[in-house]
Every structure is written in structure tokens, then in C-alpha cells.
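The values are calculated or read from the model by the stated rules, or taken from the named source; none is laboratory data. Being a predicted model, the structure only gives us computed values, none of them experimental. Here the Cβ is made from the backbone with ideal geometry for all residues, glycine too, and neighbour counts use every protein chain on show. For accessibility, only protein heavy atoms count, side chains too; no ligands or nucleic acids. Shrake-Rupley method; radii C 1.70, N 1.55, O 1.52, S 1.80 Å.
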There are 2 protein chains.
Amino acid sequence: MIIDPRAGLSCERSDTAPRPPGTFELLATEGTARAGRLWTAHGPIDTPCFMPVGTYGAVKGLVPDELVAVGSQVILGNSYHLAHRPGAALVRELGGLHAMMGWSRAILTDSGGYQVFSLRGLQRIDDDGVDYRTHFDGSAHRMTPKSVLETQAALGSDICMVLDHCPPADAPALELRRAVDRTTRWAELASELRPTILAPTQLCFGIVQGATDLELRRAHIETMAALPFDGLALGGLSVGEPPAQMHATMHAIAPLMPATKPRYVMGIGTPIDLLEAVAAGVDMFDCVMPTRNARNGQLFTRAGKLNIRRAENKSDRGPIDPECGCPTCTRFSRAYLRHLHAQDDPLFGRLATLHNLFFFHAWVARMRQALVAGTFAAEIARMSAELASAAPEPAPQPTPPSGEGDVPPA
Amino acid sequence: MIIDPRAGLSCERSDTAPRPPGTFELLATEGTARAGRLWTAHGPIDTPCFMPVGTYGAVKGLVPDELVAVGSQVILGNSYHLAHRPGAALVRELGGLHAMMGWSRAILTDSGGYQVFSLRGLQRIDDDGVDYRTHFDGSAHRMTPKSVLETQAALGSDICMVLDHCPPADAPALELRRAVDRTTRWAELASELRPTILAPTQLCFGIVQGATDLELRRAHIETMAALPFDGLALGGLSVGEPPAQMHATMHAIAPLMPATKPRYVMGIGTPIDLLEAVAAGVDMFDCVMPTRNARNGQLFTRAGKLNIRRAENKSDRGPIDPECGCPTCTRFSRAYLRHLHAQDDPLFGRLATLHNLFFFHAWVARMRQALVAGTFAAEIARMSAELASAAPEPAPQPTPPSGEGDVPPA
């Protein structure tokens, strides 16, 4: 079953009275899972919600109308990239990120910290921030809890993330604890500075660290919950730990996060990750997978991942999935898509991205609708069974080119 | 003045009774210039008409709906490319080029000869055809007057071109005459074979050669006019001769072509080329310029060509042209386009292509509407003045990548 990810979206309806930005309505719960609605200055977001990544102020190759057509309610922009290309001051001069790219729905931006911390050999972290050289031109800059809010104020983000310290999954216990403490201090500072930097309509989320150390996570949630954030995120997941451990951590920790605020797990995930996260009580997710994999020829279907390059698609007049209602499947065949991919036509990446985003949005919308209908347990059992019966993973793809969220190796 | 290139297009109206494919209605003339309507199995084409190039079964990056939105009535496919990628038999198996790419308006295909003759060192021409090795994989093939019709029959083109021999602009007189004679024999053979190869609804155009030798051209027009083609093309123009000589040749020769059939000059041109061609009495044109230049950052405006990379566009919140009604100018700023280009986002090429095609279609539609209104002389005077007052050419662009129509150097 592939549902229409646009069906019933609050941002497409006019019969719901707008609420002040930051309002989070809990609409349904089943076990630890929940459905809700988060209000922003650019409209409501029905949760659980998947957020496509638009690193540089565009979901690569797509115009805003197409994002609306596949059911995107909110997109993510990368502050590190935008701060340097085209520059936060220029984005502000152009009217903010929404005006620049012509997107009228919500935008969440990360702090840029994750990208800067990944600039191995090009950064030096201290207790007040991080000095770094960009991967663009090696120019020297400093990032602080204050500067990332200033950047996001300039971008005009609806949801701003504080600066946190996200260590690698295999960091020793002491480094992990120091990163948590630093994240706390930076969050406290961000809370203080926020009223003077962000507009009153811009939301601000805190970030919980602690890797897979449940005690550390629990303690950090308590600390962060006491600060006046509009939502809390789990950072430091999907950074190298095994998926099962990541899922177990979400299940143990997400229910401990304040129930009255939206919960966001950063940087996930696969369809199974999303299933586990929603079941654990998470509301928001972002991941480059649907967009990046699309450009590399990998399409998501109910029957598993489809590599469009495979010979059996060569003369296949059928769509990627005959039951899919996306703008690609309703118009184009596998054979044509394979041809476009082989010719490196930019139309391929565009059509593949539309399909994959539709798939991810429909996957999450299915859980959201089941929560509202009170049939979540049965629905995720069916969804798990579908994943289990899907074809095994195809051979690994070649390392994809950089460009979304990531920073190339220094 | 930028008019709406879609306004009044016959292919968008239902109040004109369809006529049999091949019917050419002359609707208005002024001096040597004319406006007409050519009927195909996929609808009418209002002439004069510019045809975008979709080498591999796609105008790079665009879906058919977007071509409709900018006023494309007919697109050109390249037989040489399609015959090898994905292969003519496969295109036939997929229902033909229209079905494969989801385009319901007319398609013209070249014979592929021009590309094969440009495979320097990889081809050998004889009186019956040409042996060649592809630039794709070096595989050996033979192209004949018969094989190019078979390819175009498989593609399902609405307008098929015969095989001709197009020598370089600087070819010696003897080679030129031999090429004309060979083109004639091949055209005669094509005329004979056509009923057994092409569907009755597929049109077939002959090609006149003779470079800038007016005597040779006149004689060849007489010969070709006696054959039962649905239209005649001028080949061998814009192949290296100076623009003024090309224009003079068109003015001397086009009026001698049969008035009752559509006239097509292959591979042109610039806005001034199109002005000269329409004034000379030509009805159809194709050129990679608007699409290829778009991807390289060059945008056509009433004020001349705009290089989006230039620093003055960096913070320009205005559109490419404030009077342009294209899907790009009505939604996006120069600053955003410059940013997308700098980030190599595929959205840039798409938006730039839409703008340039809109510009070319509007440019030709303006002449077409003036012809119908009986104001052509005054209109082209205004258009010439606009071109003359436009900014001088910017510095030359770097050599663009291949991909549309051309074959990379062997």
C-alpha cells in the first residue's frame, strides 16, 4: 500500500485556525508513539514528519512546487554550507532563505557544528567554540553558540538548532562526557542569547548527546528539558554505531524526552530506522538518503531498493512501482529512467528524487494516519512484514559524491 | 516586448479541424516571409517555428509539461545518438519516442548523417552510404539512405529527414558538387523506399546542399523540388561560413524553394539568424544554442546575453528580465540563479533552459504574430533595433561540453 503523502496535510488545509509558532499539539498516542502538529511562522507541520535535505537552499534539481507535490512540509538547510555559499549576510539581503528559494513552507536549519567537527585536521575545538578552515577555500573562521544563532537568524529559519558537540560513536567515555558537558554549557548560553538574536517567531531546539550510553543520555535529557527550548533533538545517533544499537537507544531514551515538545532525531534514516523511531516516540527526522541515493540510481520501492542500472530494467515499460502515485511513476517507465541515467541526463536525478521523496513521505504519512486512526500497532506490523519480505539489499553502491550535508574529506 | 509564446498556438486550441499529416497551410505572407501551419500525426505546428533539441529523447533536464509551458510545439531528436543509445529497436519496443519520453506533440528527427560525417577518422563514405565506428564504443556500423529511414520509422518521428552529404564550408568545388550529386541520388532512393519503410502518417523532408554556391543551390532546389517530399530543408549552412554569407545565401535561395511546402534551415541559430531566416521565407529552425548555452550560464535577454556568473548578479533580487513571463523569471532571482550555478545544482540548468527556450519561442512567435497581423516589416525593424542596441557580446564562454547533437572529437 502506498498512500498519498499529501492527503489531509494541515499545511494544505484552511480549516485549522493558525496557532502561535512553537505550539505543539499532541493529536494521538499509541504506546510510546505519537502524532502531533507543530506550528511555525511558515505553517503547521504534521508529525511524525520526514524532512528532505536542501543543503544549499535547494533540494537538488527540484523547484518548491515539486516538493509540495510529493508532500514535503518542511525542508532542512545546512548552515555551514549556506554560511559560506552564498553567505548568511547575502541570504539575509535576499530576504532570507524562504524568499531566496521561493519556498513558503517551514525550514529547519542545523547549526553547522556537525559539518565543522567533521573537518578533520582543519578544526580545533575549545570550551567556547571551534576554530576551523573551510573545505571551500581554506579560509579561517570561528563558530560559537552565538555565531550559529546569528547565522540562522540571518537565514530566517523557522526552526534553529543550537551548537552541540557530537563526538564519533567510538569516542572514549571521558571524551563523551566532556562533549555532553560542553553541549550543556553551549545550550545554556544559547538559551540566554536567543531572545536577543532570533526573532520571536523563530523556534529553537536543544540537542541531547551521550551516544549509546543510556545513563549519560538520561541525565542529559533532564538537564536539557529544564531549558526553554521549543523542542529537543537526539544528536549523535547514526554516527557509526550498529543500527540495532541505535534503535535500542531510541526506544530507551525517546520516551524520556518531554512529551509536550517535539522530538527530533537528526540524520536518520532508512525506512526501518523511521519505523523504529516513530514507534519509540520520535516526531521528526531528516536524512540525505532519498535524495542522494536517487541521484546514484537507487530507488526505494515496497519490494526493496531498485538499482535502475540493472539490465532487467532496460526494456521495462512499467513504472518503478505500479501502485505508486508519484509524479515519476505516473508518467515514466523504468526503461526511460534507465536510459536517462545512462546518458547522465539531469532529468534522471530529478525524477528519481521525486519518487524517493514521495516514498519516504508516504512511508511516514502511513504511520501518522494509523496513529490518528488508532491502528498503529497493526500498521507497523504490516510495514515490518513488508520490509522483511522485500528483496535483499543489492550490491553496495559506489561511494556517492558529496554535496548534501556532508563535507568532503579534508 | 516579450510576448507569450503560447498565446494562440494551434496545438493548444480545439477550434481548428485537424488536417491530414503533411498538410501545409500558408496563412499569411509579407514580402518573402510567411506564416503557416504544418499538420503532423501529433498535431499542428505554427510556423515560423523554433524546435528545441532533445538529443537523447529529452530536452536535458526538462519534462514534457515544461516544454509545453514555454511554447514548444515540436522537438528534435538525434537519430545517430538514439540509434545507439538506447537503440532504435528498443525505442520501437517502448512504443516509439513519443511514448518513451511522454511527449504528445510533434517530433522531427535528423538522419544522423551530419553526426556520422563529423566522426573524422572513424568514417568512410562511398556512393551507397557510409561505414563508421561510433564515438560510444568504437563498434562498426553502416548508414545508408535506407537505414536512416528504418531508424526513423522505429523512432516513430513525425518528420523524418533523408540522408544527405554535408561537406565542410571550405570544401573544394569538386567535392561540393560530388556531395550534391550524392545527396540527390540518396534522395531519389529515399523517395522510392519511403512508402515501404515509413508509416503513411510520417512526413519526409528532402535536403538541399550546395554550401554558399548559389548556382549549385538553385540547381539542387529544382532537382529536389521534383521529388515527392513533404518539405525541403537547407543543409550545409552554419557549418563554418561567416554569418553574413549565411544570411545572404538564405535570402537568395529560400524564396526559390517551393512556396507550398515548409522550408527548414537546419542547425540555426542566433536571434539575428532567426530574424534573417524568417525574413528570407524560412519556416522552421533548430539549434542547441538556447539549451546548451543555458547550462553554461548564458541567458538570453532583450539587453543581450547575460553571463549569470558575473559579480553584479550576486545580490540582484530581480529576475533575469522583469518583463519576461517565463517560469524562471516569474519565480526566481538572478542572485539565486547565480548561487545555484556556482553550486553546480542541476536546478540551474533546468531554470536557465526554460528561460532561454521561452526567449527563443517568444522571439519567433513575435514574428509569426506580426506576419498574421500584417505588420512584419515594422516588427522586424524594431527587433533589429533591439538587437543592435543590446550590450555587446560578453567574453567568449569556455568550450561547452558535448551532448546535444554533436559528437565529441574522435
Take residue B:108 and decide whether it is part of a strand (DSSP E or B), under 25 Å from residue A:345 (Cα atoms) and either away from chain A (no Cβ under 14 Å) or open to solvent by 10 Å² or more (accessible area, probe 1.4 Å) (or both). yes
Answer with yes or no whether residue B:315 is buried (at least 21 other Cβ atoms within 10 Å of the Cβ), small (Gly, Ala, Ser) and touching an Asp or Glu at 6+ places or on another chain (Cβ under 8 Å). no
Could you tell me whether any residue of region B:19-33 is touching a residue at least 24 places away in the same chain (Cβ under 8 Å), under 23 Å from residue B:288 (Cα atoms) and among the small types (Gly, Ala, Ser)? no
Checking residue B:265 against (1) modelled with pLDDT under 95; (2) buried (at least 20 other Cβ atoms within 10 Å of the Cβ), the condition it does not meet: (1)
Quick one: count up the residues across region B:337-350 that are open to solvent by less than 20 Å² (accessible area, probe 1.4 Å) and at the interface with chain A (Cβ under 8 Å from one of its Cβ atoms). 6
Is at least one residue of region B:54-62 open to solvent by less than 10 Å² (accessible area, probe 1.4 Å), of a type in the set (Ser, Thr, Tyr), touching an Asp or Glu at 6+ places or on another chain (Cβ under 6 Å) and under 30 Å from residue B:29 (Cα atoms)? no
For residue B:374, state whether it is touching a residue at least 24 places away in the same chain (Cβ under 8 Å) and either surrounded by fewer than 18 Cβ atoms within 10 Å (Cβ to Cβ) or away from chain A (no Cβ under 11 Å) (or both). yes
Output the residues belonging to region A:246-256 that are in contact (Cβ under 8 Å) with a residue 40 or more places away in the chain and crowded, with 23+ Cβ neighbours inside 10 Å. A:253, A:254
If you go through A:87, A:22, the only one that is small (Gly, Ala, Ser), under 20 Å from the mean Cα position of the chain (by Cα) and open to solvent by less than 30 Å² (accessible area, probe 1.4 Å) is A:22
Just one listed residue, out of B:11, B:49, is more than 14 Å from chain A (Cβ to nearest Cβ) and in contact with a Pro (Cβ under 7 Å, 6 or more places away or on another chain), and it is B:11
I'd like to check something: does region B:354-369 contain any residue that is under 21 Å from the mean Cα position of the chain (by Cα), among the small types (Gly, Ala, Ser) and away from chain A (no Cβ under 14 Å)? yes
The one condition residue A:89 fails out of (1) outside any helix (DSSP H, G or I); (2) within 14 Å of another protein chain (Cβ to nearest Cβ); (3) among the aliphatic types (A, V, I, L, M); (4) more than 24 Å from residue A:348 (Cα to Cα) is (1)
Would you check if there is a residue in region B:134-145 being among the hydrophobic types (A, V, I, L, M, F, W, C) and buried (at least 24 other Cβ atoms within 10 Å of the Cβ)? yes
Residue B:156 is checked against (1) more than 19 Å from the chain's Cα centre (by Cα); (2) open to solvent by 20 Å² or more (accessible area, probe 1.4 Å); (3) at pLDDT 95 or above; (4) of a type outside the set (A, V, I, L, M) and fails just one. What number does that condition carry? (1)
If you go through region B:269-306, how many residues are surrounded by fewer than 22 Cβ atoms within 10 Å (Cβ to Cβ) and among the basic types (Lys, Arg)? 2
Does residue A:243 count as in contact with a Cys (Cβ under 8 Å, 6 or more places away or on another chain), open to solvent by 30 Å² or more (accessible area, probe 1.4 Å) and farther than 22 Å from residue A:378 by Cβ? no
When you scan region B:67-82, do you find a residue that is open to solvent by 30 Å² or more (accessible area, probe 1.4 Å), within 14 Å of another protein chain (Cβ to nearest Cβ) and more than 15 Å from the chain's Cα centre (by Cα), even just one? yes
Could you tell me which of the residues B:309, B:334 is closer than 20 Å to residue A:92 by Cβ, open to solvent by 30 Å² or more (accessible area, probe 1.4 Å) and at pLDDT 95 or above? B:334
Residues within region B:297-335 that are within 11 Å of chain A (Cβ to nearest Cβ) and among the aliphatic types (A, V, I, L, M), tallied: 1
For region A:17-60, name all the residues that are in contact with a strand residue (DSSP E or B) (Cβ under 8 Å, 6 or more places away or on another chain), over 17 Å from residue A:106 (Cα atoms) and among the hydroxyl-bearing types (Ser, Thr, Tyr). A:29
Would you confirm whether or not region A:165-183 contains a residue that is more than 14 Å from chain B (Cβ to nearest Cβ), crowded, with 24+ Cβ neighbours inside 10 Å and not in a helix (DSSP H, G or I)? yes
Quick check: is even one residue across region A:2-10 at pLDDT 95 or above and crowded, with 21+ Cβ neighbours inside 10 Å? yes
Can we say residue B:102 is open to solvent by less than 10 Å² (accessible area, probe 1.4 Å), under 23 Å from residue A:330 (Cα atoms) and in contact with a helix residue (DSSP H, G or I) (Cβ under 9 Å, 6 or more places away or on another chain)? no
Criterion violated by residue B:142 - all others in (1) without any contact (Cβ under 8 Å) to a residue 12 or more places away in the chain; (2) farther than 25 Å from residue B:53 by Cβ satisfied: (1)
Return the pairs, sorted by first residue and then second, in which the second residue is surrounded by fewer than 24 Cβ atoms within 10 Å (Cβ to Cβ), the first residue lies in region A:268-296 and is without any contact (Cβ under 8 Å) to a residue 24 or more places away in the chain, the beta carbons are less than 6 Å apart, and the residues are 6+ apart or on different chains. none
Conditions (1) open to solvent by less than 20 Å² (accessible area, probe 1.4 Å); (2) part of a strand (DSSP E or B) -> residue A:119 fails only (2)
